[in-house]
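Undergrad: I am attaching a structure below and will ask some questions about it afterwards.
We did not get these values from a lab; they are worked out from the coordinates using the rules stated. For clarity, every value in this text was computed on a predicted model and none was experimentally measured. Note that we place each Cβ from the backbone using ideal geometry, even for glycine, and neighbour counts take in every protein chain shown.
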Amino acid sequence: MFILSNFMHSLATVVDIVLNLYIWILIARAVLSWVNPDPYNPIVKFLYNITEPLMYRVRRILPFQFGGIDLTPMIIILAIIFLRSFIVPTLHQLANQIA
């Protein structure tokens with residue numbers, strides 16, 4: 001049972017790190033949108049490729065653009081913060097109950 005408990009704790013930690021990393025990637029994408037980045041730059045291409053699929057889906061459902069400002073990254077960041085505050089503690093609690 002300790003193996004499953006350790007696995008759940010590790011899974012919670014990995015999920016927390018991945019969600020936190022995605023928040024920073026979204027912030028970098030938003031900052032890049034303020035300037036005119038080179039679209040052929042590998043870093044810019046990576047940021048757009050990793051964020052655009054989710055941002056496109058959110059834009060289709062909730063078109064949040066006011067005065068030329070796209071608020072989609074903020075909506076996604078708020079959703080990720082909610083997920084981090086719900087999923088990560090839940091996984092830790094499940095791990096503690098298993099142990």
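Undergrad: How large is the dipole of the stretch 2-98 about the Cα centre if only Lys and Arg carry +1 and Asp and Glu carry -1, each at its Cβ, rounded to the nearest 20 debye?
TA: Values: 6 positive and 4 negative charges, 35 e Å.
So the dipole magnitude of the stretch 2-98 works out to roughly 160 debye.
Undergrad: If you take the charge dipole of the stretch 2-98 about its Cα centre, with +1 on Lys and Arg Cβ and -1 on Asp and Glu Cβ, which of Trp34, Ala79, Val14 is farthest toward its positive end?
TA: About the Cα centre, the residue reaching furthest to the positive side is Ala79.
Undergrad: Taking Rh as the Kirkwood radius computed over C-alpha pairs, what is the Stokes-Einstein D of the chain at 20 °C in a medium of viscosity 1.002 mPa s, expressed in µm² per second?
TA: For the chosen part, D equals 140 µm²/s.
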